[in-house]
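The values are calculated or read from the model by the stated rules, or taken from the named source; none is laboratory data. None of the values given here were measured: they were computed from a predicted structure. Here the Cβ positions follow ideal geometry from the backbone for every residue, glycine too, while neighbour counts run over all protein chains shown.
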Amino acid sequence: MPKHTSAFCAPLCKLLLLPLLVACRLAQVDPPPLPTSVVVVSNTVVTVQTVEVTRIVVETIIEQPQETPTPSTAEKELVVCLAAEPTSLFMYVPTPSPAQLQAHAAAQAVRHALFTNYLTMRSFSYQADGLLKVPSLADGDALLQTVEVSAGQTVLSAANEVVILDEGVEVVTAEGETAVFRGTPLLMNQLVVDFTLEPTMWADGKPVQASDSLFAFRVGADPVMPTDKFLYARTASYEALGERQVRWTGIPGFYDSTYFLNFWRPLPEHLLGNYAPAELLTAVAAMRLPVGDGPFRLVEWIPGEQMRLERNEFYHRAGLPHLDRVIFRFIPDANQRLSLLLRGECHVLTQDGLELGQAPFLLEAEANGLLVAHFQTGTVYELIALGINPYPSADALNRPDWFEDMRVRQAIAMCIDRQRMIDEFLYGRSTIMHSYIPAMHPLYPAGELPEWPYDVAAANALLDQVGFVDLDGNGIREYYAAKVPNNSNFSPGAWDGRPFRITLMTNSDEVRQPLVQILRDNMRQCGISVELAYLSTSEWLADGPGGSLFGRRFDLGYFPWKTNVEQTGFAPLCQLYQRTQTPGPVEQGFGGWSAPNVSGWSNAAFDALCIQARRSLPGTAVYEEAHRAAQLIFAQELPVIPLFLRLRVAATHPRVRNFSLDTTQPSELFNLYEIDLLP
């Protein structure tokens, strides 16, 4: 499946944030009753356990020894209980709304059974899966060549726009310099990437060919398809070099940091080639009964009930899959899914059907040997944004510039007991964030990054140093410009005596409320009074200037964000904090009223490093150093305070083997061909 890269823009940020606040809700779900009896057989004793959620009663019954049973030769059938039914199995579907996320996740899980991945993503990196390898500049199957461009050619301008080269167009030359085209041909850089397919087969026995990938490219490029056209517009050519090799060539000037993803997952042209692209969106052969090249083939789909898949005899991996059959059942009720798992009638509960609020029940059931609970940090993290530069000014909010001095932001970070939040609400299974990427990311500058541990004494000392002091002894610090040494950010006398009382805003979520209450209590230990304000999600996320968050009309704001999106190839999202991405009127030099830098932070050195990193290619020293240096500035100045990574939760029957959650792999069934089931 191709990546659908898009230029980083405000609508993408809102698209990322809205599902997180709506779909990642951690509501408590009443657990189903555990089975009334579980029989454990030893040599001469059968132990009958009556199991409840909070206690185990054991009764011992003497029984005569029995012969060891012969291992079963029955076929292996894995049952996966999904929270929703897919609406389509076609690879090109519209971006799901929050209400469609479960159906989208279900379709993604089934597609892993039907189609070869060709490229997978685990642990912040990519792996070949159906391709011989992931292309790289170092290996020579990707290269940056110099080409001559002249009038009439499609190029990427210096402003990152796809244009037809003409008089007056500004471009970046092969030497990295900005030049204005005056009619004389110029030299520009152009990316070329080669992909080689393994000898894969369609489930009807036909070989997968390079032409099938080209067919998928043409279908996705059609205007009727609900695909992001960003990459298509920046593709100069996509061609076959042989039966199993394709070449992608970008337009001159396009430095695609995820060039190694520019492969289109094949579609069976011999089966779908007679359909018009618009017809494929409704054709049964594409969306209901597709023929794939994965480990299984779909043989039955009973709407509202289940799908039945059988082993694909033409699957290209010798000896795989381990399973003979996979059943996907559609069970919308959360309690019923858990009951089926505990009774052994379901073997896998995917993360889209489980919530963190069910963790205590899952952990206790796991302790009793009834299931295996899987917890894994994901790519979503919670953060506190600080209103450093509100719109149009702090005066408009009738408050001082509390957060302009970075020492205040550092002190607030040290006031927050992030580990307590993790221990109490994430069962100690997450990690504290210190940058906009987690410590396991390959570009994280381990050992170099400033970290701000929970240290109330150090935080108070830093606030004293800034000049915010409690002169009246009521436990709340006050603003006194006269106490602030040589700091031009403070107005003498304008706010003298104003108590450090601020408001923390977030959306109205009953699970988030205990977390912000911890934060409020933490702040009080540092002489800062925090009032909590809960807004509806629509109000909290509304575009500026009316919305509180994107209108930059807040003191502290609590919300989740993503460490990466698939389209970035796991490149750190430094652009979230560039000055040009500050919400505000475009005509005033801001990024528009839905831009992501809601704190209004501005740092020229950070911006320059971020631009340099984004204009460089992975694997180069410039790319790695720029991302490292940008994070050092971010962690020192703290435009936002990262808190912790959210958890993803799944559960399996104890018989299931080779199942795992991965931090950056959206679906836990990506390796369904390896999953096994014990007798």
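The table below lists the values:
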item: Scope segment 281-296; condition buried (at least 19 other Cβ atoms within 10 Å of the Cβ) and not aliphatic (A, V, I, L, M); matching residues; result: P290, G292, D293, G294, P295, F296
item: Segment 434-459 residues that are free of Cβ contacts under 8 Å to residues at least 40 places away in the same chain, paired with ones that are exposed (fewer than 15 other Cβ atoms within 10 Å of the Cβ) and among the hydrophobic types (A, V, I, L, M, F, W, C) (beta carbon under 7 Å, 6 or more apart); result: A439/A446
item: Single residue of A318, A278, A286 found to be aliphatic (A, V, I, L, M), outside any helix (DSSP H, G or I), over 21 Å from V79 (Cβ atoms) and not assigned by TED's automatic domain parsing to the domain that holds Y238; result: A318
item: Q631, sole failed condition from (1) at pLDDT 95 or above; (2) in contact with a strand residue (DSSP E or B) (Cβ under 9 Å, 6 or more places away or on another chain); (3) surrounded by 17 or more Cβ atoms within 10 Å (Cβ to Cβ); result: (2)
item: Selection within segment 462-478 - of a type outside the set (F, W, Y), surrounded by 15 or more Cβ atoms within 10 Å (Cβ to Cβ) and touching a Gly at 6+ places or on another chain (Cβ under 8 Å); result: L463, D470, I476, R477, E478
item: Considering residues of segment 522-538 that are of a type in the set (A, V, I, L, M) and assigned to a strand (DSSP E or B) only, the residue surrounded by the fewest Cβ atoms within 10 Å (Cβ to Cβ); result: L532
item: Meets criteria (without any contact (Cβ under 8 Å) to a residue 40 or more places away in the chain, of a type in the set (G, A, S), surrounded by 19 or more Cβ atoms within 10 Å (Cβ to Cβ) and out of contact with any Gly (no Cβ under 9 Å at 6 or more places or on another chain)) for A626; result: yes
item: Members of segment 163-217 that are in contact (Cβ under 8 Å) with a residue 24 or more places away in the chain and of a type in the set (V, I, T); result: V171, V172, V192, V193, T196, T200, V208
item: Of residues in segment 563-603 being more than 23 Å from D228 (Cβ to Cβ) and charged (D, E, K, R), the one surrounded by the fewest Cβ atoms within 10 Å (Cβ to Cβ); result: E587
item: Answer residue from segment 148-177, given it is in contact with a Lys or Arg (Cβ under 7 Å, 6 or more places away or on another chain) and more than 14 Å from N189 (Cβ to Cβ) and is surrounded by the fewest Cβ atoms within 10 Å (Cβ to Cβ) among those; result: E167
item: Selection count where residues are within 18 Å of T580 (Cβ to Cβ) and part of a strand (DSSP E or B), scope segment 611-644; result: 1
item: Unique match (being part of a strand (DSSP E or B) and in the same structural domain as H434 (by TED's automatic domain parsing)) among I388, I384; result: I384
item: Residue check, P560 under 22 Å from N160 (Cα atoms) and either buried (at least 23 other Cβ atoms within 10 Å of the Cβ) or not hydrophobic (A, V, I, L, M, F, W, C) (or both); result: no
item: Residue match in segment 267-280 (condition: hydroxyl-bearing (S, T, Y) and buried (at least 18 other Cβ atoms within 10 Å of the Cβ)); result: no
item: Yes/no for W452 being surrounded by 21 or more Cβ atoms within 10 Å (Cβ to Cβ), assigned to a loop (DSSP other than H, G, I, E, B) and out of contact with any Asp or Glu (no Cβ under 8 Å at 6 or more places or on another chain); result: yes
item: Candidates Q100, Q127, filtered to the one that is modelled with pLDDT under 95 and either surrounded by fewer than 19 Cβ atoms within 10 Å (Cβ to Cβ) or in a helix (DSSP H, G or I) (or both); result: Q100
item: Where S667 falls short, out of the listed (1) in the same structural domain as A439 (by TED's automatic domain parsing); (2) of a type in the set (S, T, Y); (3) under 19 Å from the mean Cα position of the chain (by Cα); result: (1)
item: Test: residue in segment 540-557 that is assigned by TED's automatic domain parsing to the domain that holds V469 and at positive phi; result: yes
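Listed here are the residues, each with its yes/no results for (1) modelled with pLDDT of 95 or more; (2) within 19 Å of P86 (Cβ to Cβ); (3) in a loop (DSSP other than H, G, I, E, B).
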site	(1), (2), (3)
N335	no, no, no
S339	yes, no, no
C346	yes, yes, yes
P360	no, no, no
A365	yes, no, no
L370	yes, no, yes
A373	yes, no, no
